[in-house]
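Sharing a structure, written as structure tokens. Questions coming.
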Amino acid sequence: MAKEKNKVTKKYSSFSYKAGNSFLHKCPAWAKLLFIPFINILFLCLPVYFAVVLIAVQFGTACVLKFSLREQITDLKPVLYYGAFVVLMDVLTALGSGNLDFGKVFSWENQRESVFLLIKIFSVLQSASLVFKTSTSLELREGIWTIEKNVRKMFHLKEKNLVTDAVSLFLNFIPMVSKIWEQSKRAWLARGGRKGVIMYLRLLLVLFFVGMKKAYSAARALEVRDGDSI
């Protein structure tokens, strides 16, 4: 049982697709790509209380879809990193200005806007997580193409793929980077490496070069396929 659990844990990477038969899985990708960003932009402009409600609704939706708490936290780690970066910058700014009264620096009056922004970013990442978890890379590409095709038809433009490939490559690059990072980290630890600054420095180079190679290969594959379809 422990081995099976460990196996499932190792397979998961941030923003990766998870098979299912829910309403969101069946919902057309183009609808999710239009509706969810619109909701996020709206909630970013509204008071923070609306973002808190959206977080609760999206958390409940993820639980209903049987996305584990660990999977949800893994997708939302960038918010934690951004929060740590904000704290670090506040500390450095205080030290640079000679203001060592950290009680005042980290008071609610000074940090309120940062906290509200983090809450809103949290809700946006939740939405992105739901889209990626319930849509395959092919579905996302077809959804983008459907949107582009209808926009071109609306403005009486020639039916040609100019945006779809670029946007779909960008969207699919997000889970790909996470997968490369997780695989590199597992390989490092399996070879006896230790977690620390050296690990992150070396693996960041691996992530950069492997990511660039995979992105180039994907772009070339799309170029060859589009060339053959002409």
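How many residues are of a type in the set (S, T, N, Q) and modelled with pLDDT of 85 or more when one looks only at the stretch 146-204?
Residues in the stretch 146-204 being of a type in the set (S, T, N, Q) and modelled with pLDDT of 85 or more: 5 in total.
Something else about it: Within the stretch 7-22, is there a residue that is modelled with pLDDT of 90 or more and of a type in the set (A, V, I, L, M, F, W, C)?
Scanning the stretch 7-22, I find at least one residue that is modelled with pLDDT of 90 or more and of a type in the set (A, V, I, L, M, F, W, C), so the answer is yes.
Of the residues in the stretch 118-166, how many are in contact (Cβ under 8 Å) with a residue 12 or more places away in the chain and more than 26 Å from VAL79 (Cα to Cα)?
Summing the residues that are in contact (Cβ under 8 Å) with a residue 12 or more places away in the chain and more than 26 Å from VAL79 (Cα to Cα) in the stretch 118-166 gives 14.
The values are calculated or read from the model by the stated rules, or taken from the named source; none is laboratory data. Since this is a predicted model, take the numbers as computed values, not measurements. So basically every Cβ, Gly included, is an ideal-geometry build from the backbone, and we count neighbours across all protein chains shown.
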